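Notes to accompany the following structure.
The values are calculated or read from the model by the stated rules, or taken from the named source; none is laboratory data. Please read these numbers as outputs of a predicted model, since none were measured by experiment. Note that each Cβ is placed from the backbone with ideal geometry, even for glycine, and that neighbours are counted across all protein chains shown. We work out accessible area using only protein heavy atoms, side chains counted, and drop any ligands, DNA or RNA first. Shrake-Rupley method; radii C 1.70, N 1.55, O 1.52, S 1.80 Å.
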Amino acid sequence: MKKDKYIPRINDTIIKEYLDDFTAIYLRGPKWCVKTYTSEHFTNSEIKLNIKSQSEEFDRMYFANSKLCLETGE
């Protein structure tokens with residue numbers, strides 16, 4: 001989903017507030033309630049662990065230098 005086609009949601013304000021205080025947040029809810037699209041809207045990058053190639057690459061990077069994988073870029 002393209003960020004320019006994102007439809008604002010009620011929870012956006014809450015998500016923004018949490019992201020100001022925390023590096024990562026956990027979105028939980030039933031299937032098909034737009035969790036993925038909402039979270040993608042707020043990210044600069046993503047790793048989808050259900051895609052084998054991305055999961056394996058993340059594992060290699062994480063075990064090589066876990067602190068580097070978790071940096072916020074600040």
| remark: Scanning the range 1-26 residue by residue, the ones that are of a type in the set (Asp, Glu) and either open to solvent by less than 80 Å² (accessible area, probe 1.4 Å) or in contact (Cβ under 8 Å) with a residue 60 or more places away in the chain (or both) total 1
| note | Listed by first then second residue, the pairs whose first member lies in the range 31-43 and is closer than 12 Å to residue 16 by Cβ, whose partner is of a type in the set (Lys, Arg), with beta carbons under 8 Å and at least 6 positions apart or on separate chains, are 38/9; 41/3; 42/16
| helices (runs of 4 or more DSSP H) contained in the chain and holding at least 3 residues modelled with pLDDT of 85 or more | 12-21, 35-41, 52-64
| Assuming residue 29 fulfils every condition listed in (1) surrounded by 14 or more Cβ atoms within 10 Å (Cβ to Cβ); (2) touching a helix residue (DSSP H, G or I) at 6+ places or on another chain (Cβ under 8 Å) apart from one, which condition is it? | (1)
| remark: Filtering the range 32-56 down to residues that are on the phi > 0 side of the Ramachandran plot and open to solvent by 60 Å² or more (accessible area, probe 1.4 Å) yields 32
